[in-house]
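Participant: I'd like to ask you about the structure that follows.
The values are calculated or read from the model by the stated rules, or taken from the named source; none is laboratory data. Because the structure is predicted, anything quoted here is derived from the model rather than measured. Cβ placement follows ideal geometry from the backbone for every residue including glycine, while neighbour counts extend to all protein chains displayed.
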Amino acid sequence: MENIILFDDDHWKSLLPLTYTKPIAELRVGILTISEKWKKRLAGKVSYITQDYLAEKYPIHISDNNLVINARLLPNDNIQDLIEQLELNDALLFDDTLIAARLNKAQFDRLIENQDIEELEGIDLANHEKYVHLLSRPYDVFLQNGKEIAKDYKILTYNRNSFPISYHNYPIKPDNIFISEGAEVTFSSLNATDGPIYIGPNCKVMEGSNIRGPFAMCEGSTVKMGAKIYGETTLGPYSKAGGELNNVVIQGYSSKGHAGYLGNSVIGEWCNLGAGTTSSNLKNNYADIKLWDYEKEGFSTSGLQFCGLIMGDHSKVGINTMFNTGTIVGVSSNIFGSNFPRTYIPSYSWGGAKGYTTYKIEKAFETMEKVMVRRDKELTEQDRIILQHIYHYTASMRNWE
């Protein structure tokens, strides 16, 4: 069994706020998280090199033969073949970025200590650029989601038979639709013409829903009655979706269960968007969208014409909240009120367009505990330490303090 170590490189900040609470490899793109993709493809055990404050929850396991892979790398058959061919002392490089390497324990120890590994043989992937797909910004999650759904679908459904689609549904291209055990789909339209539709175990699609592929529901998720869901959308485990969604990735355990539009967006775990919450994903003048850049600590042009809402874990939104194009919300913020809030909202913010105060950590923990126990989950001591670190780390970004 391969010992796979997925490492966060120096660009982890560029994926904030999604990577505040977890290593890059735990981001869900498509149906699976990045770590799940590599584990299934390489038949190995996965561990992490990540930020110090995350390391206790996401530890590293070192063996005498370690396959080290950049956590930002999205796997495909071609890059997988190149990685599997690596021998000890081999490394794959692309634009001076380490993509993957096979290292023994001594070499690995030198890598951890930022020492040169002189015997390492670098293989330049300049001629294989089309094989290298690296996440660079949070919006890459929704930009890559359609392709990743298709790749994950092949892996998850290989040599498996779908459960039958009930007669009262309206499937289009049913051979591109997979229904897992325990899933319920009732009086709904499933159009897999443009990409596959994956309904995971114990999922529920309620009456009158209209779904277009590529689309994925992970275990235990729910589509509410009358939902309109366009392609390249993923509902992570135990999430709920209603209203209208287009190219949205919900990481897991989050709810957008009511009317309102959400497009070209990424929502973290344990988030809730109140009824009527709507996000713009296109500027009125069709201009490029500027987004908050955590590395530069300022706004940067994204080059995108379509981008909605990027939201970190544990954030909550009141009813009828309106988000402007390209809004970034940090971890554990509580947003409410009329008019558009600012397009960058730091972690642990409480308020909206009329101004903010700090969402005190003790109050935030109380809410997290109540939310998580409803899903039979616990806010662990490790979680508290991580969230306390984020609270203090982001204090300077809350300029009202």
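Participant: For residues in the range 254-268 being surrounded by 24 or more Cβ atoms within 10 Å (Cβ to Cβ) and in contact with an Asp or Glu (Cβ under 8 Å, 6 or more places away or on another chain), which is nearest to Asn324 (Cα to Cα)?
Facilitator: Going through the qualifying residues, I end up with Leu262.
Participant: Does Ile250 satisfy being assigned to a strand (DSSP E or B) and either within 20 Å of Tyr170 (Cβ to Cβ) or in contact (Cβ under 8 Å) with a residue 60 or more places away in the chain (or both)?
Facilitator: no
Participant: Can you confirm whether Ser338 is small (Gly, Ala, Ser), assigned to a loop (DSSP other than H, G, I, E, B), assigned by TED's automatic domain parsing to the domain that holds Gly260 and surrounded by 23 or more Cβ atoms within 10 Å (Cβ to Cβ)?
Facilitator: No; evaluated as a whole, the condition is false for this residue.
Participant: Looking only at the range 253-271, count how many residues are in a strand (DSSP E or B) and under 16 Å from Gly308 (Cα atoms).
Facilitator: 9
Participant: Return the only residue of Asp288, Asp293, Asp313 being assigned by TED's automatic domain parsing to the domain that holds Leu245, within 24 Å of Asp383 (Cβ to Cβ) and of a type in the set (Asp, Glu).
Facilitator: Asp313
Participant: Continuing with the same structure: Pairs please, first residue from the range 213-225 and part of a strand (DSSP E or B), second anywhere and crowded, with 20+ Cβ neighbours inside 10 Å and acidic (Asp, Glu), Cβ atoms under 8 Å, 6+ apart in sequence or on different chains.
Facilitator: Listed by first residue and then by second, the contacts come to Phe215/Glu232; Ala216/Asp152.
Participant: Taking Thr367, is it in contact (Cβ under 8 Å) with a residue 12 or more places away in the chain, in contact with a strand residue (DSSP E or B) (Cβ under 9 Å, 6 or more places away or on another chain), of a type in the set (S, T, N, Q) and in a helix (DSSP H, G or I)?
Facilitator: yes
Participant: Within the range 342-362, does at least one residue satisfy the condition of being within 21 Å of Leu309 (Cβ to Cβ) and assigned to a helix (DSSP H, G or I)?
Facilitator: The answer is no; no qualifying residue exists.
Participant: Okay, next question. Take Ser279 and tell me if it is touching a residue at least 60 places away in the same chain (Cβ under 8 Å), crowded, with 16+ Cβ neighbours inside 10 Å, in contact with a strand residue (DSSP E or B) (Cβ under 6 Å, 6 or more places away or on another chain) and not aromatic (Phe, Trp, Tyr).
Facilitator: Criteria not met by Ser279.
Participant: Just for the range 1-56: of the residues that are in a helix (DSSP H, G or I) and of a type in the set (Ser, Thr, Tyr), which one is nearest to Ser265 (Cα to Cα)?
Facilitator: Here the answer is Ser14.
Participant: Would you be able to tell me the number of residues in the range 370-387 that are outside any helix (DSSP H, G or I), of a type outside the set (D, E, K, R) and surrounded by 13 or more Cβ atoms within 10 Å (Cβ to Cβ)?
Facilitator: Count: 1.
Participant: Please state which one of Ile289, Ile229, Ile267 is more than 20 Å from Leu27 (Cα to Cα) and touching a strand residue (DSSP E or B) at 6+ places or on another chain (Cβ under 6 Å).
Facilitator: None of the others qualify; the one that does is Ile229.
Participant: Okay, next question. Look at Ser63 and say whether it is outside any loop (DSSP other than H, G, I, E, B) and surrounded by fewer than 23 Cβ atoms within 10 Å (Cβ to Cβ).
Facilitator: Criteria not met by Ser63.
Participant: Turning to a different aspect of this structure: Which condition number in (1) under 23 Å from the mean Cα position of the chain (by Cα); (2) among the hydroxyl-bearing types (Ser, Thr, Tyr); (3) at pLDDT 95 or above is the one that Tyr359 fails?
Facilitator: For Tyr359, the failing item is (1).
Participant: Right, another one. Quick one: would you say Leu125 is in the same structural domain as Ser255 (by TED's automatic domain parsing), hydrophobic (A, V, I, L, M, F, W, C), in contact (Cβ under 8 Å) with a residue 24 or more places away in the chain and in contact with a Leu (Cβ under 9 Å, 6 or more places away or on another chain)?
Facilitator: In short, no.
Participant: Taking the stated definitions as given, is Asn66 polar (S, T, N, Q), in contact with a helix residue (DSSP H, G or I) (Cβ under 7 Å, 6 or more places away or on another chain) and either more than 12 Å from Val132 (Cβ to Cβ) or not assigned by TED's automatic domain parsing to the domain that holds Tyr131 (or both)?
Facilitator: So Asn66 fits the description; yes.
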